[in-house]
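The values are calculated or read from the model by the stated rules, or taken from the named source; none is laboratory data. If you're wondering where the values come from, they're calculated on a predicted model, not measured in any experiment. Glycine also receives a Cβ, built like all others from the backbone with ideal geometry; neighbour counts cover every protein chain displayed.
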There are 2 protein chains.
Amino acid sequence: MALIVQKFGGTSVGSIERIEQVADKVAKFRDEGHDMIVVLSAMSGETNRLIDLAKQVQERPTPRELDVLLATGEQVTIALLCMALHKRGYDARSYTGGQVRILTDSAHNKARIREIDEQAIRADLNQGRVVVVAGFQGVDEAGNITTLGRGGSDTTGVALAAALGADECQIYTDVDGVYTTDPRIVDSARRLDRITFEEMLEMASLGSKVLQIRAVEFAGKYNVPLRVLHSFKEGPGTLISLEDDSVMENPAISGIAFNRDEAKLTVIGIPDTPGVAYQILSPIGDANIEVDVIVQNIAQDNTTDLTFTVHRNDLARAEAIVRETAKKLGAREVIADSKICKVSLVGVGMRSHAGVASKMFKTLADVNINIQMITTSEIKISVVLDEKYMELAVRALHSAFELDEPGAA
Amino acid sequence: MALIVQKFGGTSVGSIERIEQVADKVAKFRDEGHDMIVVLSAMSGETNRLIDLAKQVQERPTPRELDVLLATGEQVTIALLCMALHKRGYDARSYTGGQVRILTDSAHNKARIREIDEQAIRADLNQGRVVVVAGFQGVDEAGNITTLGRGGSDTTGVALAAALGADECQIYTDVDGVYTTDPRIVDSARRLDRITFEEMLEMASLGSKVLQIRAVEFAGKYNVPLRVLHSFKEGPGTLISLEDDSVMENPAISGIAFNRDEAKLTVIGIPDTPGVAYQILSPIGDANIEVDVIVQNIAQDNTTDLTFTVHRNDLARAEAIVRETAKKLGAREVIADSKICKVSLVGVGMRSHAGVASKMFKTLADVNINIQMITTSEIKISVVLDEKYMELAVRALHSAFELDEPGAA
C-alpha cells in the first residue's frame, strides 16, 4: 500500500484502445490498494497537429497563445482516461495544470514548476479517488496557461511525486527499462535493474533518450525513486534512485552511452597567451551555441591547439565564428570535422575502481581504434572517435566491461 | 466608439481560412475605434468529434469529464484567433471560461451562468487589447470545468455583453438576419431590420433556428441589444431589442413561424368531471414529455374532448400513456395524428391591431384550409393544420399580412 505516480506518454494514450489498456493498468494497481496519481501526455501526434495549426496562422506563434492551444492535448486524454476508469467502476477525477494547481514561472513554452498545491489531490486520494493530472502544463501567478516544453509530462510526474511524497514515480514508455547500451547496436545489451540518478543523467544526456534530463534532475534533487517501465509489457523495469548502500560492491560500469550528434572544430597554432580558450569560446557562447567536449594541448613552440565539439546542426555557424576569431588571434589553421562520434562509459563504481580508463583505452587500441579526444568526470569517461568506429567501439567495450547479458554469445 | 461583443459560431471558425476572415472582421471594427470582445465556438465538427471519442470509451460519458473534454474545442479556436490578430499587429488575449472567470452552477453539460468577473477583461480593454473568450464554457465554485450545452456560445456572448454593459452583442451566423419567414418556403420573405426580444423568442421557439432561445431570453432580461449578422457577407443584419417607441406604428405582424415537428393526440368522449386535463396530462409530464398546444372542447352530453400536441419523437410513448389513462377514465376513443403542422403569426403590433385573428382565419378559409386547433398569446396566434397545407398557408398569410419583399411578385 503505497502512493504511486504513474506517467504515460503519447504513444501509451495514442488511441482509445491504448487508453483502455492504461485504465486496466491503473485499475490493477488500485486493486492492490495503492493510492494512485496518473499523469498523461497528449495522444501521440496531437501536439504536432496543434503546432501545425498554429503555424498555418502565424509563422512564429505567440508563446502565450501557443500554450493555450497545446494545453488542450492533455486535457483530452485526462477526460478520456477518467471515463475509462469510471466504466470499470473506479472513482477518478481529472485535473488540468491550472486546476491542480501547478504553479510555474511565466516562461511560456518552457515554463518551470515552482510549486504544487496538493490539497485537492490529497482530499481526492483520501476518498479513494484516482487522480488524473494533465502533464506538460501549468499556470503562472497571473493565471495564464503555461507549458513545460517537450517531455514536460515526465517533469509533471516527478514534481507531483515530490510534492506528495510518493513512494515511486513510474514512467511508462515504449522500452522496458534502461539498458547497458542501445540494444539495436549491441545484441547482448542488458536491462539494468537499477541505476543511480547521476548515472541516468549521464546516460540520458549522452543520447539514451528514455527519460527527459529535467525529470531525472528533479527526481534526484527531491530523491523521488523513478521507475522506467514498458507501457504494455509486464516486467520490473529499471529503478532509478540514490546509490544503494546495500549493494556491497557496485560494478565499475553501469552502461555505455554514445552519439553521433556532434562535430569537432580544431584551431591549430594559436599564439600561446593567457585567455586563448576564453577568446575562442566566448563568441561561440554569445551565439547561443553549446560546446560539449573541450581539449587544449600543451603549448609547443609558443603556440597551442584547441579542439572542441558542438552539435552538428551548429557546425556551420560555429565554424564561421571560429575562423573569424582565429584570424584575429593569428592562428595557423581551423579544421572542421563532422564525422565523429562520442562513446562514454558511465558508472558510479568508477570512483572506487582504478584502471577503468586504462582498460578502456587498451580495449580500443586492441581493435585498432584511434582516440581523438578524451574527457572525464567523476562517473564518466568519454572518448571522441571517428564515427565509422562507433559500433565496433561500443561492442568491444560492452564485452570488455562484462556488461553482456549472462549467457549471450 | 462603442463596446462591442462579437460571437462567431462553429462554421465561422471552421478552418484556418475562416479564422483569418474573422480576424479581418474584428480588426475592421477595432480600426473604427471600438472596444472589442470576441466569443468563439469550437471549429465546426470538433464538438461532435470529441463526443464520439468519449462515446467510444463510455456509452454515457461522465458529465464532469465530458465537460473537461468538450471545453478543449473553444480553447483551440481562441488561441488561433489571437495568433491571427497578432499577425495583423493587433494586441489580443485569449481567455478560457475558467480564466475569465465565468462562474456557473455545477450542472455539467447544461450549466447556467451565475456571474462573470469582468475585471481582467476591463483591464485588457483599457490597454487597447482585443479580448477573445471561449464560448460555451465556465467553471463552478469548486473550480470544475462546466459547459452550457449546445448553443451555449450565444449565451456566453450575451452574458459578457450584459456584464460589461456592451453597446451591442453581434451574433455572426450563416444567415444575414431574421426573416419574416423561411425564405426556402416563401421566395418573397424579407429580412427584418429590427424585431423585439419577445417576437424573436416566439420566432425562435417556433422553428426559426437563428438564435438559441436561452440567449434571447438572457438578452431580453438584461436589455442587451442583439444583432444577427452573416459571418462573411456585408449587411446590417437584424437588430433584436426592446420595442422601439420611435416607430409610430408597428406593423401588426413581424413574421410567420412554422414547424412540422409536432404530432397531435385527441381523447374523445371523456366523462366530464373536474380535473380531466390534469388527469390526462400529468402522466405525460411525469414521463418527461413536453406538451405544446392544448385545447379542451366544451362539454356536450356530459362528455368532453381533449386534444394536445407533443414532439413527433415522443408520439409513440405519449400515445401508450394516454391510452392507459383514457381506459381508466372511461373515455370513448384516442386518436393519434402525426401529419400536422403548426403555423404562427408573431408580432408585438398584434396587441394594438384588432382583427389579426379574423384576418388570419379568413385568409386560410379563402384557400380552403381547415383549422384543427387554435391557440393564442399576447403577440402570437398559432393554428394547427394538416401538414400538407403548410407551405400554402405560410405563403397566403405572408402575402395577406403584407410581409412580402416590396416589389416581389
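Are any residues in segment A:41-76 of a type in the set (Asp, Glu) and more than 7 Å from chain B (Cβ to nearest Cβ), and if so, which ones?
Answer for segment A:41-76, where residues must be of a type in the set (Asp, Glu) and more than 7 Å from chain B (Cβ to nearest Cβ): A:Glu46, A:Asp52, A:Glu59, A:Asp67, A:Glu74.
Yes/no matrix, rows are residues, columns are (1) β-branched (Val, Ile, Thr); (2) within 17 Å of B:Leu3 (Cβ to Cβ); (3) free of Cβ contacts under 8 Å to residues at least 24 places away in the same chain; (4) assigned to a strand (DSSP E or B):
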{"position": "B:Pro61", "(1), (2), (3), (4)": "no, no, yes, no"}
{"position": "B:Arg64", "(1), (2), (3), (4)": "no, no, no, no"}
{"position": "B:Tyr90", "(1), (2), (3), (4)": "no, yes, no, no"}
{"position": "B:Glu141", "(1), (2), (3), (4)": "no, no, no, no"}
{"position": "B:Thr156", "(1), (2), (3), (4)": "yes, yes, no, no"}
{"position": "B:Leu160", "(1), (2), (3), (4)": "no, yes, no, no"}
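Is it the case that some residue within segment A:119-132 is under 18 Å from A:Met43 (Cβ atoms) and in contact with a strand residue (DSSP E or B) (Cβ under 8 Å, 6 or more places away or on another chain)?
Looking through segment A:119-132, at least one residue is under 18 Å from A:Met43 (Cβ atoms) and in contact with a strand residue (DSSP E or B) (Cβ under 8 Å, 6 or more places away or on another chain).
Conditions tested, residue by residue: (1) at pLDDT 95 or above; (2) under 29 Å from the mean Cα position of the chain (by Cα); (3) crowded, with 18+ Cβ neighbours inside 10 Å.
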| position | (1), (2), (3) |
| --- | --- |
| B:Gly73 | yes, yes, yes |
| B:Val76 | yes, yes, yes |
| B:His86 | yes, no, yes |
| B:Asp91 | yes, no, no |
| B:Tyr95 | yes, yes, yes |
| B:Leu125 | yes, no, no |
| B:Val131 | yes, yes, yes |
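Taking segment A:304-352 on its own, how many of its residues are closer than 30 Å to A:Glu243 by Cβ and crowded, with 16+ Cβ neighbours inside 10 Å?
Number satisfying all stated conditions: 11.
Please work out if A:Glu118 is closer than 17 Å to A:Val38 by Cβ, in the same structural domain as A:Tyr222 (by TED's automatic domain parsing) and under 24 Å from the mean Cα position of the chain (by Cα).
No.
Residue by residue through segment A:1-24, note down the ones that are surrounded by fewer than 24 Cβ atoms within 10 Å (Cβ to Cβ) and over 19 Å from A:Val76 (Cα atoms).
Residues satisfying the conditions are A:Met1, A:Ala2, A:Leu3, A:Ile4.
Kindly indicate whether A:Thr325 is outside any helix (DSSP H, G or I) and β-branched (Val, Ile, Thr).
When the stated conditions are applied, A:Thr325 does not pass them.
Restricting the first residue to segment A:286-299 and requiring it to be more than 20 Å from A:Arg317 (Cα to Cα) and assigned by TED's automatic domain parsing to the domain that holds A:Leu385, which pairs with a second residue that is in a loop (DSSP other than H, G, I, E, B) and hydroxyl-bearing (Ser, Thr, Tyr) meet a Cβ separation below 7 Å and a spacing of at least six or different chains?
Qualifying pairs under 7 Å: none.
So A:Glu46 passes all but one of these: (1) over 27 Å from B:Gln99 (Cβ atoms); (2) within 23 Å of the chain's Cα centre (by Cα); (3) surrounded by fewer than 23 Cβ atoms within 10 Å (Cβ to Cβ). Which condition number does it fail?
(1)
Test A:Val38 against the stated conditions and say whether it is under 25 Å from B:Ala54 (Cα atoms), β-branched (Val, Ile, Thr), more than 12 Å from chain B (Cβ to nearest Cβ) and in contact with a helix residue (DSSP H, G or I) (Cβ under 8 Å, 6 or more places away or on another chain).
Yes; evaluated as a whole, the condition is true for this residue.
Would you call A:Ala79 facing chain B (nearest Cβ under 7 Å) and out of contact with any Ser or Thr (no Cβ under 8 Å at 6 or more places or on another chain)?
So A:Ala79 does not fit the description; no.
For segment B:340-362, name all the residues that are aliphatic (A, V, I, L, M), modelled with pLDDT under 85 and not in a helix (DSSP H, G or I).
B:Ala354
When A:Ala23 is evaluated against the numbered criteria (1) at the interface with chain B (Cβ under 9 Å from one of its Cβ atoms); (2) in a loop (DSSP other than H, G, I, E, B); (3) among the small types (Gly, Ala, Ser), which criterion, by number, is the only one it fails?
Against the list (1) at the interface with chain B (Cβ under 9 Å from one of its Cβ atoms); (2) in a loop (DSSP other than H, G, I, E, B); (3) among the small types (Gly, Ala, Ser), A:Ala23 comes up short only on (2).
Across segment B:105-157, what is the number of residues that are more than 14 Å from chain A (Cβ to nearest Cβ) and of a type in the set (Ser, Thr, Tyr)?
3
Take the residues of segment B:197-211 that are crowded, with 21+ Cβ neighbours inside 10 Å and not hydrophobic (A, V, I, L, M, F, W, C): which is nearest to B:Ala159 (Cα to Cα)?
Applying the filter and picking the extreme gives B:Glu198.
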